[in-house]
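Asker: Have a look at this one before I ask anything.
The values are calculated or read from the model by the stated rules, or taken from the named source; none is laboratory data. Everything numeric in this text was worked out from a predicted model, so none of it was measured. Ideal geometry is used to build each Cβ from the backbone, glycine not excepted, and the neighbour counts take in all protein chains shown. The area values use the complete protein model at the heavy-atom level, side chains included, leaving out ligands, DNA and RNA. Shrake-Rupley method; radii C 1.70, N 1.55, O 1.52, S 1.80 Å.
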Amino acid sequence: MDARLTGTLRSAHLRIPRIALPPSTLLVCVLSAAYALPGLFGHDPWKAEDAIGVGIVHQMVTHAQWLLPNLAGEIHTEDGPFFYWLAALLAGTLSPAVSFDDAARLASGVAVIATLFLLRATGRELYGRPAADGALLVLIGCLGLMLHAHETLGELGMLFAQVLAWYGIALAPRRPHKGAAALGMGLAAAVLSKGLAALLAPALTAATVLVLSRHWRTGRFSVSMLEAACVPAVITGAWLLLASERDPAGTAAWLAAQWQGLAWPSAGPVAYYLTGLSWAAWPAWPIALWLLWNRRNMLGEPALLFALCASIASLLVLFAQGEQREINMLGCLAPLSLFAGAGIERLRRGAAMALEWFGAMSFSFFGALVWLGWFAMTTGTPSRIARNFAKLEPGYVPRFEGLLFALALALTLAWVWVLARTERSPYRGVLFWASGATLVWGLVMTLLLPWIEYGKTYRPVAQSLSSALRAAYGGDLPCIESRNLGQAQRAAFDYHAGLVTRREKSGPSPACPALLVQASPGEQDPPLAGQWKRVWEGNRPRDRERYRLYLKTRE
């Protein structure tokens, strides 16, 4: 009987397919979709970047603000319109079958998947398929991308555009015209995504490889670069001309902000970004550094030189960013991953096994923590963990979501399959990192999504504020000025309740009978000239932010 059972188990084990490495195209497609799609659907815009992005798209679709990004009635000078055009197209096409913000957020999934496969295509052009697949897996495993890949974010359009430009540079020596078209379109999309600074890294890369490498220092490549330069000049020139005709002041403000956004690198930003990249670009940077040392005498090879130049150019542009923001580091992840892709096969056996073990243990541990937290919230056991979740989101009532549970279970079983059935290979470690990042993000965005949504949505606060205003003024909403409100809050109030606030300049305007103030708990009412009365106060369940509405009393 035992022999029969053993034979049955052994036969079942043999029927479970093994995962060959480098991974098949089908596995790469499934992994990319599993990484990019969870977190795009089923929740309202969250503070801060997602709310800002959805607010811009909302202005495009509902108020026809197509040429310049517009946020709650003001020009948004930090981004260009390219990514938001895609999001607005999806939102206008798919809603109301899908909620407006879910449809807009789908643009993030499209941009991320396109970026992954363009990076893979660039790697295949430079190194061949195994290293190209490795570069894709490294990028999926980067923790910095995981945090922002599912937000309505102009940087995702920039990331796609820059990788398209790098693909064009890599392709140009073999197919000059196609490479020039890809580079030119990538540079144009980069400018239209994040402004003039976004094209610097690809442009510096093209100029550097042209000077340093015979592979690119040819007449055909020089002609390709001239052809490519014409594309962004024509496209961005036409866009700026149209924008300046419709809104000269807004266009001038947008251009001025682009020049002000760059500064010479200094010690402060360099230290800040290097510290951030130590986790955001993991595991790309340790593999890249190992390759840099291991092949230090062969960095003149075209493929390695290209990836190295792209990485250095991206870092220099990052260090020159005037405002220190974590989101700025996204632009460095793709070139570092491209460089690291060539180093995976050269990892020493001990380092490769350490990467495998660290990834398997870390993501299994964090995945188990998510399951434990969900179980505690749903059943009340262990009671201590359940109480901690209740304290974080007071008032939240747990409920069992069958579809979300099924998706989480499928992700977990897929993770077990990856751990148990992946063949030995230098690429096993980066597959574990890519799959582990997909697992943890997917579990959070399924099992914990209702709990997170309860605390992060602005919908109840915005609707309560709208009700207070309508009770005071009937159907016609008054002009509303705001004090201390951030961009995300102004976007959320506009999106959820149609309340467009304008920033207070120097005291409430006599023309605006309503003032919305963001304050802290226990903070006294601000001194206001004239007769004002606080008629409403609201906040999200665990927020320290308080929103207070003051109305000018009628004399």
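Asker: Looking at this structure, is Ala340 within 21 Å of Asp133 (Cα to Cα), among the hydrophobic types (A, V, I, L, M, F, W, C) and open to solvent by 40 Å² or more (accessible area, probe 1.4 Å)?
Answerer: No, not satisfied.
Asker: Which of the residues belonging to the stretch 112-133 are over 18 Å from the mean Cα position of the chain (by Cα), buried (at least 24 other Cβ atoms within 10 Å of the Cβ) and within 21 Å of Gly157 (Cβ to Cβ)?
Answerer: Matches in the stretch 112-133: Arg120, Thr122.
Asker: Another question, then. Give the stretch 27-76 a look and list any residue that's in contact (Cβ under 8 Å) with a residue 60 or more places away in the chain, open to solvent by 10 Å² or more (accessible area, probe 1.4 Å) and over 25 Å from Ala497 (Cβ atoms), or say none.
Answerer: Scanning the stretch 27-76 gives Leu31, Ala33, Ala34, Leu37, Pro38, Leu67.
Conditions (1) assigned to a helix (DSSP H, G or I); (2) over 14 Å from Met185 (Cα atoms); (3) at pLDDT below 95, marked per residue:
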site	(1), (2), (3)
Gly123	yes, yes, no
Pro130	yes, yes, yes
Ala135	yes, yes, no
Ile140	yes, yes, no
Gly157	yes, no, no
Gln162	yes, no, no
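Asker: Moving on to the next point. Being exposed (fewer than 12 other Cβ atoms within 10 Å of the Cβ) and closer than 22 Å to Gln487 by Cα is the filter here; which residues of the stretch 515-529 pass it?
Answerer: Listed by number, the residues that qualify are Ser520, Pro521, Glu523.
Residue-wise test of (1) open to solvent by less than 20 Å² (accessible area, probe 1.4 Å); (2) under 30 Å from Arg18 (Cβ atoms); (3) not hydroxyl-bearing (Ser, Thr, Tyr).
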| residue | (1), (2), (3) |
| --- | --- |
| Val418 | yes, yes, yes |
| Arg424 | no, yes, yes |
| Leu439 | yes, yes, yes |
| Asp476 | no, no, yes |
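Asker: Within the stretch 373-385, is there a residue that is β-branched (Val, Ile, Thr), more than 25 Å from Pro426 (Cα to Cα), out of contact with any His (no Cβ under 8 Å at 6 or more places or on another chain) and not in a helix (DSSP H, G or I)?
Answerer: yes
Asker: Which residues, counting only those in the stretch 341-377, are without any contact (Cβ under 8 Å) to a residue 12 or more places away in the chain and among the basic types (Lys, Arg)?
Answerer: Arg348, Arg349
Asker: Among the residues of the stretch 264-311, count how many are outside any helix (DSSP H, G or I), open to solvent by 50 Å² or more (accessible area, probe 1.4 Å) and under 27 Å from Arg124 (Cα atoms).
Answerer: Residues in the stretch 264-311 being outside any helix (DSSP H, G or I), open to solvent by 50 Å² or more (accessible area, probe 1.4 Å) and under 27 Å from Arg124 (Cα atoms): 6 in total.
Asker: Take the conditions of a type in the set (Gly, Ala, Ser), within 19 Å of Ala203 (Cβ to Cβ) and either open to solvent by less than 50 Å² (accessible area, probe 1.4 Å) or touching an Asp or Glu at 6+ places or on another chain (Cβ under 6 Å) (or both) and apply them to Ser244. Does it pass?
Answerer: Details: of a type in the set (Gly, Ala, Ser): yes; within 19 Å of Ala203 (Cβ to Cβ): no; either open to solvent by less than 50 Å² (accessible area, probe 1.4 Å) or touching an Asp or Glu at 6+ places or on another chain (Cβ under 6 Å) (or both): yes.
In short, no.
Asker: Go over the candidates Leu392, Leu411, Leu355 one by one and state the one that is at pLDDT below 95 and more than 19 Å from Ile452 (Cα to Cα).
Answerer: Criteria check complete, one pass: Leu355.
Asker: If we keep just the residues of the stretch 184-207 that are under 18 Å from the mean Cα position of the chain (by Cα) and of a type outside the set (Gly, Ala, Ser), which is most open to solvent (accessible area, probe 1.4 Å)?
Answerer: Among them, the one singled out is Lys194.
Asker: Are there any pairs with C-beta distances below 8 angstrom linking a residue in the stretch 296-311 that is more than 14 Å from Ile169 (Cα to Cα) and among the charged types (D, E, K, R) to a residue that is open to solvent by 40 Å² or more (accessible area, probe 1.4 Å) and at pLDDT 95 or above, with the two at least 6 apart or on different chains, and if so which?
Answerer: From the stretch 296-311, no pairs qualify.
Matching residues to (1) in contact with an Asp or Glu (Cβ under 8 Å, 6 or more places away or on another chain); (2) closer than 20 Å to Ala51 by Cβ:
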position	(1), (2)
Trp66	no, no
Phe82	no, yes
Leu106	no, yes
Pro130	yes, no
Phe160	no, no
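Asker: Next question. Looking only at residues that are under 15 Å from Arg220 (Cα atoms) and not charged (D, E, K, R) in the stretch 174-183, which one is most open to solvent (accessible area, probe 1.4 Å)?
Answerer: Going through the qualifying residues, I end up with His177.
Asker: Kindly indicate whether any position in the stretch 462-469 is in a loop (DSSP other than H, G, I, E, B), open to solvent by less than 40 Å² (accessible area, probe 1.4 Å) and not small (Gly, Ala, Ser).
Answerer: Taking every residue of the stretch 462-469 in turn, none turns out to be in a loop (DSSP other than H, G, I, E, B), open to solvent by less than 40 Å² (accessible area, probe 1.4 Å) and not small (Gly, Ala, Ser).
Asker: Kindly indicate which of Leu164, Leu145, Leu171, Leu136 is open to solvent by 10 Å² or more (accessible area, probe 1.4 Å) and of a type outside the set (Gly, Ala, Ser).
Answerer: The unique qualifying residue is Leu164.
Asker: Of the residues that make up the stretch 171-179, is at least one within 28 Å of the chain's Cα centre (by Cα), in a helix (DSSP H, G or I) and either farther than 28 Å from Leu90 by Cα or in contact (Cβ under 8 Å) with a residue 24 or more places away in the chain (or both)?
Answerer: So far as the stretch 171-179 goes, yes, one or more of its residues are within 28 Å of the chain's Cα centre (by Cα), in a helix (DSSP H, G or I) and either farther than 28 Å from Leu90 by Cα or in contact (Cβ under 8 Å) with a residue 24 or more places away in the chain (or both).
Asker: Taking the options Pro527, Pro521, name whichever one is in a loop (DSSP other than H, G, I, E, B) and either within 32 Å of the chain's Cα centre (by Cα) or in contact (Cβ under 8 Å) with a residue 24 or more places away in the chain (or both).
Answerer: Going through Pro527, Pro521 in turn, just one is in a loop (DSSP other than H, G, I, E, B) and either within 32 Å of the chain's Cα centre (by Cα) or in contact (Cβ under 8 Å) with a residue 24 or more places away in the chain (or both): Pro521.
Asker: Out of Gly359, Gly367, Gly341, Gly402, I need the residue that is over 26 Å from the mean Cα position of the chain (by Cα) and under 27 Å from Val418 (Cα atoms). Which one?
Answerer: None of the other options fit; the residue is Gly402.
Asker: If Leu210 satisfies all but one of (1) in contact with a Lys or Arg (Cβ under 8 Å, 6 or more places away or on another chain); (2) open to solvent by less than 40 Å² (accessible area, probe 1.4 Å); (3) free of Cβ contacts under 8 Å to residues at least 40 places away in the same chain, what's the number of the condition it fails?
Answerer: The number of the failed condition is (2).
Asker: Ser99 passes all but one of (1) of a type in the set (S, T, N, Q); (2) within 28 Å of Leu27 (Cβ to Cβ); (3) open to solvent by 10 Å² or more (accessible area, probe 1.4 Å); which number fails?
Answerer: (2)
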